[in-house]
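Let me begin by presenting the structure, written as structure tokens, before commenting on it.
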Amino acid sequence: SNSETPEKSAVQTKKLAKQKKIQQKKAIVKNLDRIMDKVDKDIKDISKNLAVKNIIKMEAMTSEQASLNAYANTAFYAPKNIYLDQLNMQDNRLIYENVSLASYVENDKININKKKLNEIQFKKQQILLELEVLKNG
């Protein structure tokens, strides 16, 4: 007789690995439930009970996590430059030919009033100095 041991196919091994992972997770959940029941029996203070349960659950969640360190140097998106073949569109026309900031400031009403006030203040200071000279004279 020509009897050979049948080899497991790749699909079967994947299914077995998946089933094993599911069974492990179910075992962890059962174990976690058993631990929580034990905490309920042993710790009667509600605040301490919740604190201990939270610590146990956090430990269970973080212990089975996959590490993300492998993705630290991986680019999230591959860069794609989509604006390479654009036309150079530029309008060189002057819209405001006769207007500049200096001419605008000179015609500004607030600036004109400020200049007048400065002139008045300067004249006042000159007059006060002249009066001082005449008094001390």
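The values are calculated or read from the model by the stated rules, or taken from the named source; none is laboratory data. From a predicted model like this one, the values you see are computed outputs, not experimental measurements. Glycine also receives a Cβ, built like all others from the backbone with ideal geometry; neighbour counts cover every protein chain displayed. Note: accessible area is taken over every heavy atom of the protein model, side chains too, but ligands, DNA and RNA are not part of it. Shrake-Rupley method; radii C 1.70, N 1.55, O 1.52, S 1.80 Å.
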Starting from the residue with the highest accessible area, list I46, I35, I127 in decreasing order, probe 1.4 Å. I46, I127, I35
In the range 20-137, what percent of the accessible surface is made up of carbon and sulfur (1.4 Å probe, ligands and nucleic acids excluded)? 58
Could you compute the longest span of the chain free of trypsin sites (Lys or Arg not before Pro) located in DSSP loops and having at most 11 other Cβ atoms within 10 Å, not counting the site residues? 94-137
Full extension from E59 to K30: what is 0.36 nm times the residue separation minus their Cα-Cα distance, to one decimal in nm? 8.9 nm
Loop only per DSSP, at most 15 neighbouring Cβ atoms within 10 Å: give me the GluC sites (Glu not before Pro) in the range 73-137, ordered by residue number. E97
For the range 34-83, what number results from the quotient of the Cα radius of gyration and 2.2 N^0.38 Å? 2.15
Taking loop as defined by DSSP and a crowding limit of 15 other beta carbons within 10 Å, which chymotrypsin sites (Phe, Trp or Tyr not before Pro) in the range 63-128 fit? F76, Y77, Y83, Y96
For the pair K20/K115, report the inter-label distance in nm, with labels modelled 7 Å from Cα in the Cβ direction. 9.1
GNM of the chain, Cα pairs under 10 angstrom: of A102, A70, A51, the biggest fluctuation goes to A102
How big is the chain along each principal axis, measuring the range of its Cα positions in Å and listing the largest first? 135, 64, 24
Can you tell me the accessible area per residue over the chain, all protein chains present, probe 1.4 angstrom, in square angstrom? 106
Using a 1.4 angstrom probe on the protein heavy atoms only, line up V39, V133 by accessible area, largest first. V133, V39
